[in-house]
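Visitor: Below is one structure. I have some questions about it.
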Amino acid sequence: MRVIPESELIINADGSAFHLHLKPEQLADKVILVGDPDRVSTVASYFDTQECEVSSREFHTITGTYKGKRLTVVSHGIGTDNIDIVLNELDALANIDFATRTVKPAFKQLTLVRVGTSGGLQPFVPVGTYVAAEKSIGFDGVIYFYADTERVRDTAFEAALKEQLDWKLSGLSPYVVSADHSLIEQITGNDIIRGVTIAANGFYGPQGRELRLPLADPKLNEKIEAFNYNGRQITNFEMESSSLAGLAALMGHRAMTVCCIIAGRVDKNMNTNYKGSLTRLIETVLDRI
C-alpha cells in the first residue's frame, strides 16, 4: 500500500490539514462552500449547534448542526486554484488515514454545495435570479493536471464551444464538466434555474472587462452570449464551479454550484446590495442539502 510522503500530504503538528487547519473528526459529510470568509459566519448563524470554528488565511470553517443535519461550512476564497487546495484537503480529511498516510479502504463520499455570486449573461437570468451550474465551462486549466479527465468532460460540448466562439486564445483550452445530477435534483426547484456557467480564471480580462489593458478577443463576450448548443445557452460567469465539479467527479464526490445573480453583464447593471437575496439562497440550500 502506497504511503503518501510528507511533502505531498502536509499535516500540521496538531494533526490538521496544512491549509484548512481542520482535523478529520471536524469535517461533516455535507459541506457548504462559500467564497467570502465572513459569509461562513452568516451561514453558521442558522446552525442549532456549533462544535468547532477554525480560521487559517482565507479558509474559515465552522462545523455544527442544522435541523438534525451535521454540516460543515468552509470558505475557499477566490478562484479555481483555491478550489484545488480546498477540495484535495477535504477529500484527504475524509479518505486518507493521517496516522498511516494511506488511503482508507472504505471510500467516504462528500456532498458539496457551493453558494456564490455571479454575473448574468442572458435576459432570462436578471439580477436576483438563482442559477445552478448544471454544466460548467472551465476557462482555467486545473483539471488538466490530473489523469483520466475525459471520463468527466463533455468533449462534444467543448468542440461546439471552440467552434462557435471562434476560440482565439492559444495555449488555453476550455473544458466542460457536469455537476452531480442527483445533487442538482435535490437542490434545485422552480426557484432555481439550471444553467451553463463559465468559471473564469480572472475577474477582469477573462470575463471580458476592459480597463486599461486591451483584450485579446474583444468580441468574446458577444460570442458567449450568442452561443447555443442543443438548446443550451451560457447563463452566467463566476470563478470556481468548473474545478469544483470536475475534481469532485474525478474523486467520486457529489458537488454543484448555485449562485445569486448580482450583475447583468448584458445590461451592464450591478446590485451591490445583494445580501438579502443571497441570504434567501443560503436558507434554501440549508433546507435542501
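The values are calculated or read from the model by the stated rules, or taken from the named source; none is laboratory data. Remember, it's a predicted structure, so these values are computed and weren't measured experimentally. Don't worry about glycine lacking a Cβ; one is built from the backbone with ideal geometry, like all the others, and counts go over all protein chains shown. All accessible areas refer to the heavy atoms of the entire protein, side chains included, with ligands and DNA or RNA removed. Shrake-Rupley method; radii C 1.70, N 1.55, O 1.52, S 1.80 Å.
Visitor: When you scan the range 242-262, do you find a residue that is under 15 Å from Phe139 (Cβ atoms) and in a strand (DSSP E or B), even just one?
Guide: Within the range 242-262, one or more residues are under 15 Å from Phe139 (Cβ atoms) and in a strand (DSSP E or B).
Visitor: Condition test on Lys104, is it at negative phi, touching a strand residue (DSSP E or B) at 6+ places or on another chain (Cβ under 8 Å) and not β-branched (Val, Ile, Thr)? Don't jump to the end; show me each part of the working.
Guide: Numbers: at negative phi: yes; touching a strand residue (DSSP E or B) at 6+ places or on another chain (Cβ under 8 Å): yes; not β-branched (Val, Ile, Thr): yes.
It is true that Lys104 is at negative phi, touching a strand residue (DSSP E or B) at 6+ places or on another chain (Cβ under 8 Å) and not β-branched (Val, Ile, Thr).
Visitor: Same structure again: If Val127 satisfies all but one of (1) open to solvent by 10 Å² or more (accessible area, probe 1.4 Å); (2) touching a residue at least 40 places away in the same chain (Cβ under 8 Å); (3) over 21 Å from Gly202 (Cβ atoms); (4) out of contact with any Gly (no Cβ under 6 Å at 6 or more places or on another chain), what's the number of the condition it fails?
Guide: For Val127, the exception is condition (4).
This table checks each residue for (1) open to solvent by 30 Å² or more (accessible area, probe 1.4 Å); (2) farther than 15 Å from Asn95 by Cα; (3) of a type in the set (Lys, Arg); (4) assigned to a strand (DSSP E or B).
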residue: Glu6; (1), (2), (3), (4): yes, yes, no, no
residue: Leu9; (1), (2), (3), (4): no, no, no, no
residue: Leu22; (1), (2), (3), (4): no, no, no, no
residue: Ile32; (1), (2), (3), (4): no, yes, no, yes
residue: Glu53; (1), (2), (3), (4): yes, yes, no, yes
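Visitor: Mind checking which pairs have a first residue in the range 133-155 that is polar (S, T, N, Q) and a second that is crowded, with 17+ Cβ neighbours inside 10 Å, Cβ under 6 Å, 6 or more apart or different chains?
Guide: Ser136/Val177; Ser136/Thr197; Ser136/Ala199; Ser136/Ser241; Ser136/Ser242; Ser136/Ala245; Thr149/Ile143
Visitor: Here's a follow-up. Suppose we keep only residues that are part of a helix (DSSP H, G or I) and not small (Gly, Ala, Ser) within the range 34-51. Which one would you say is most open to solvent (accessible area, probe 1.4 Å)?
Guide: Ranking the qualifying residues of the range 34-51, first place goes to Asp38.
Visitor: Sticking with this one: Name the single residue, out of those in the range 186-210 being touching a Phe, Trp or Tyr at 6+ places or on another chain (Cβ under 6 Å) and assigned to a loop (DSSP other than H, G, I, E, B), that is farthest from Glu158 (Cα to Cα).
Guide: The qualifying residue farthest from Glu158 (Cα to Cα) is Ile192.
Visitor: Between residues in the range 25-39 that are among the aliphatic types (A, V, I, L, M) and residues that are open to solvent by 40 Å² or more (accessible area, probe 1.4 Å) and modelled with pLDDT of 95 or more, which pairs lie under 8 Å by C-beta distance while being six or more apart or on different chains?
Guide: Filtered contacts from the range 25-39: Ala28/Arg70.
Visitor: Of everything in the range 142-182, what is acidic (Asp, Glu), outside any loop (DSSP other than H, G, I, E, B) and under 19 Å from Gly231 (Cβ atoms)? Give them in sequence order.
Guide: Keep residues of the range 142-182 that are acidic (Asp, Glu), which gives 148, 150, 154, 158, 163, 166, 180.
Right, trim to outside any loop (DSSP other than H, G, I, E, B) and you get 150, 158, 163.
Across the range 142-182, the qualifying residues are Glu158, Glu163.
Visitor: Six or more apart or on different chains, Cβ under 6 Å: which pairs go from a residue in the range 248-262 that's buried (at least 20 other Cβ atoms within 10 Å of the Cβ) to one that's at pLDDT below 95 and of a type in the set (A, V, I, L, M, F, W, C)? Could you list them?
Guide: Cβ pairs passing all conditions: Cys260/Leu278; Ile261/Val125; Ile261/Val127.
Visitor: If you scan the range 198-220, which residues turn out to be closer than 29 Å to Tyr146 by Cβ and not aliphatic (A, V, I, L, M)?
Guide: From the range 198-220, those closer than 29 Å to Tyr146 by Cβ are 198-208, 216-217, 220; that's our starting set.
Hits for the range 198-220 are Asn201, Gly202, Phe203, Tyr204, Gly205, Pro206, Gln207, Gly208, Asp217.
Visitor: Can you confirm whether the range 89-106 contains a residue that is open to solvent by 20 Å² or more (accessible area, probe 1.4 Å), closer than 25 Å to Asn201 by Cβ and either among the polar types (S, T, N, Q) or not in a strand (DSSP E or B) (or both)?
Guide: yes
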